[in-house]
1. How long is the gain from Trp234 to Ile309 if the chain were fully straight, where each residue apart is worth 0.36 nm and the alpha carbon distance is subtracted?
2. Between Leu78 and Ile292, how many nm apart are label points set 7 Å from Cα along the C-beta direction?
3. How fast does the range 42-103 diffuse by Stokes-Einstein, in µm²/s, taking the Kirkwood radius from C-alpha pairs at 20 °C and 1.002 mPa s?
4. To test your reading of the geometry: what angle, between 0 and 90 degrees and rounded to tens, separates the Cα axis of helix 24-57 from the longest principal axis of the chain?
5. Using Cα centres only, tell me the gap between the range 250-264 and the range 188-240 in whole Å.
6. Please compute the alpha carbon radius of gyration of the chain, then divide it by the globular-protein estimate 2.2 N^0.38 Å. Two decimals is fine.
7. Once amide H atoms are placed 1.01 Å from N in the peptide plane, what residues at a sequence separation of 5 or more from Gly274, or on another chain, have their amide H within under 5 Å of its amide H?
8. Given Cα pairs under 8 Å that are at least 6 residues apart, what percent is the relative contact order of the range 175-327?
Amino acid sequence: MPIVPSDARAPAGSRGGRPLRGSRFNRSAHNGSRNRNPLRARQRAGLLYVLPAIALVLLLFVAPTIWTVVISFFDYSLLGDLTFIGVDNYVRAFSDPALYRAIGFTTLYTAVVTAVLFFVGFGLALLVSSKRRGAAVFRTVFVVPVVIGFATAAYMTLWILDGRIGVVNAVLGQLGAIESPISWFSDFGLAFTIVIVLVVWKTVGLTMLLLMSGMNAISEDLYEAAELDGAGWWRKLSSITMPLLKPTIALVLILTVISSYLAFDQFFILTQGGPDSSTVTVVYLIYRAGFIDFDLGYAAALSVILMVILLLLTIVQFRVLRKGDDQ
């Protein structure tokens with residue numbers, strides 16, 4: 001029998017069972033390590049790009065939130081020393097009738113604004129998403145108020161409805177509709193209605209845009225197939241548009257509820273909490289405690305309570321909407 005050298009019995013690409021330097025195994029390992037390095041480099045570059053955003057979030061959101069929670073356990077008047085008092089601020093808050101009145105009014109305001117904004121915004125979204133002539137003009141008209149600040153819009157409303165120099169009172173007086181100027185913000189019903197109208201005029205354009213974007217993302221093939229099956233406008237709306245629009249509706253409702261619970265400018269400028277503190281929101285109550293009474297510890301406790309309320313409301317909305325999707 002011929003003697004076969006040991007090198008000949010070894011697998012191809014190796015010498016004596018050891019991989020050769022230029023073998024395919026070494027080349028693949030080298031290429032793998034070389035391919036991993038660009039991935040790591042891209043990851044490091046991506047981290048460097050997002051570091052400024054992370055720093056801003058930490059500086060402007062996380063750090064103030066932690067500081068608010070910390071000083072809620074202290075007696076702090078901004079210019080004085082920090083005095084630890086435990087949960088006394090929270091006990092005081094939950095025993096304060098003003099907090100419950102503010103939560104009740106804020107909840108009422110949020111419910112009314114959310115309902116009106118959604119239905120009006122949904123109707124406008126249906127109008128401007130159609131291919132009718134002039135739809136683009138309507139889109140522009142309804143979106144323009146969004147860029148106006150809340151404070152500016154509130155001061156414009158206050159000037160228009162002023163009892164002495166207001167345009168509305170002057171026009172009604174010339175028409176003989178009133179004998180004396182109307183004090184628009186001395187009655188709760190009038191003041192509440194004016195604020196609702198202002199908020200809807202100011203923000204309905206954003207609601208319209210969000211819902212319109214969701215509607216435009218729905219494939220036209222679904223509507224064409226429904227039309228071939230004889231489905232009418234209402235059938236297409238209830239069976240196609242509404243089910244596929246649920247994620248957008250969830251976003252709109254969550255944004256509206258959070259922004260409504262944080263309402264401050266319109267009430268601070270127009271009603272100043274009146275009449276008889278009937279339009280004091282939770283944020284307005286926090287403002288009074290922190291910047292009028294200079295009781296920052298108590299204001300911080302109220303802020304933490306409001307933050308917990310918003311967190312619970314958001315969780316409940318997510319659960320309800322997700323349950324609707326599962327069904």
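The values are calculated or read from the model by the stated rules, or taken from the named source; none is laboratory data. As the structure is a prediction and not an experimental result, all values here were calculated from the model. All Cβ positions, glycine included, derive from the backbone under ideal geometry; neighbour counts span all protein chains shown. What goes into the accessible areas is simple: the full protein's heavy atoms, side chains included, and nothing from ligands, DNA or RNA. Shrake-Rupley method; radii C 1.70, N 1.55, O 1.52, S 1.80 Å.
1. 23.3 nm
2. Label-label distance for Leu78 and Ile292, simple model: 1.4 nm.
3. After rounding, the answer is 146 µm²/s.
4. The angle comes out near 10 degrees.
5. Result: 17 Å between the Cα centres.
6. 1.58
7. For Gly274, whose amide H was placed from the backbone, the distant partners under 5 Å are Thr279.
8. About 23 percent, as a whole number.
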